[in-house]
Amino acid sequence: MDLDAALNLVDPNWYGRYHRVATHSAIGLAAIAILSAWIAWIVARRARWRRFGWGVAPNESGEIDRAPWRLFFAVAASAAALHWLGDWISGFGGIVPAWPLSRREFGLRAVLSLDRFIFISTAVWHLTVRHLDLPRGREAWIGAGWFAWVAIYVAARAIWGTPTAW
């Protein structure tokens, strides 16, 4: 979703004016999710390795079953929504969900864009899920626990902390 950061190469003023507008709208979120899912699906279809995340996995005969595009879209849409949520809670601007109908910006400004607590919690979650061979259901519960932990932290910062800005 931060592809609009390339605007800074053209003109720093464009970046300040247009960052988190079109790409961070509901239309931009859908377009980026579709494009990302399509690219990942194409890469997975051409991949020669046995596992591409949740995209391909060996079946009982040892052949590779390729996941349908809708699963790639579900992952891409979830990732885009999490990015949107992350930008909404951070102090570096907000999101403009109704663009082009409205340029009204929404932002909680509860945490820094690179908050140490969220970064460390995310690293622990990632290492736990990545390096332990857990069933998918257990990974989902660990992810839900991470999300609840971060949500409580952000809510506490929003209620008792001072607004952040970059």
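Tell me, which longest segment in the chain has none of the trypsin sites (Lys or Arg not before Pro) that fall in DSSP loops with at most 13 further Cβ atoms within 10 Å?
In short, 105-166.
Rounded to the nearest 0.05, what FRET efficiency do Leu82 and Arg103 give with R0 = 30 Å and r taken as the Cβ-Cβ distance? Could you check?
Between Leu82 and Arg103 the formula returns 0.80.
If one takes the longest principal axis of the Cα atoms in the chain, at what angle in degrees, from 0 to 90 and to the nearest 10, does the Cα axis of helix 136-160 lie?
That works out to roughly 10 degrees.
To test your reading of the geometry: what angle, between 0 and 90 degrees and rounded to tens, separates the Cα axis of helix 26-46 from the longest principal axis of the chain?
Long axis of 26-46 versus the principal axis of the chain: about 30 degrees.
Taking springs between alpha-carbon atoms closer than 10 angstrom, which of His131, His24, His83 fluctuates most in the Gaussian network model of the chain?
His131
State, to one decimal in nm, how far the label point of Leu132 lies from the label point of Ile159, with both points 7 Å from Cα in the Cβ direction.
2.9
Given R₀ = 30 Å, FRET efficiency for Trp69-Trp141 by Cβ-Cβ distance, to 0.05?
0.65
Where nothing but the Cβ of Lys and Arg (+1) and of Asp and Glu (-1) is charged, how large is the charge dipole of the chain around its Cα centre, in debye to the nearest 20?
Rounded to the nearest 20 debye, it is 120 debye.
Give a residue-ordered list of calculated ³J(HN,Hα) values for the range 68-76 (Karplus: 6.51 cos²θ - 1.76 cosθ + 1.60, θ = phi - 60°; whole Hz; x for Gly, Pro).
Ordered by residue, 3J(HN,Hα) equals x, 4, 4, 6, 5, 5, 4, 5, 5 Hz.
For the range 1-49, which chymotrypsin sites (Phe, Trp or Tyr not before Pro) are in a loop by DSSP, counting at most 15 other Cβ atoms within 10 Å?
Passing both the DSSP loop test and the Cβ count: Trp49.
Please identify, among Ala77, Ala33, Ala144, the residue showing maximal mean-square fluctuation in a Gaussian network model of the chain using a 10 angstrom Cα cutoff.
Ala144
Pick from Val75, Val111, Val124: which residue has the top mean-square fluctuation in a GNM of the chain where Cα pairs under 10 Å get a spring?
Of Val75, Val111, Val124, the Gaussian network model singles out Val124 as fluctuating most.
Quote to one decimal, in nm, the extra length available between Ala30 and Ala148 on full extension: 0.36 nm per residue of separation minus the C-alpha distance between them.
Residue separation times 0.36 nm, minus the Cα-Cα distance, leaves 40.0 nm.
Computed from the coordinates by the stated procedures, all read-outs in this text should not be read as laboratory data. Owing to the predicted nature of the structure, the values given are computational and were not obtained by experimental measurement. Note: ideal-geometry Cβ built from the backbone for every residue, glycine included; neighbour counts use all protein chains shown.
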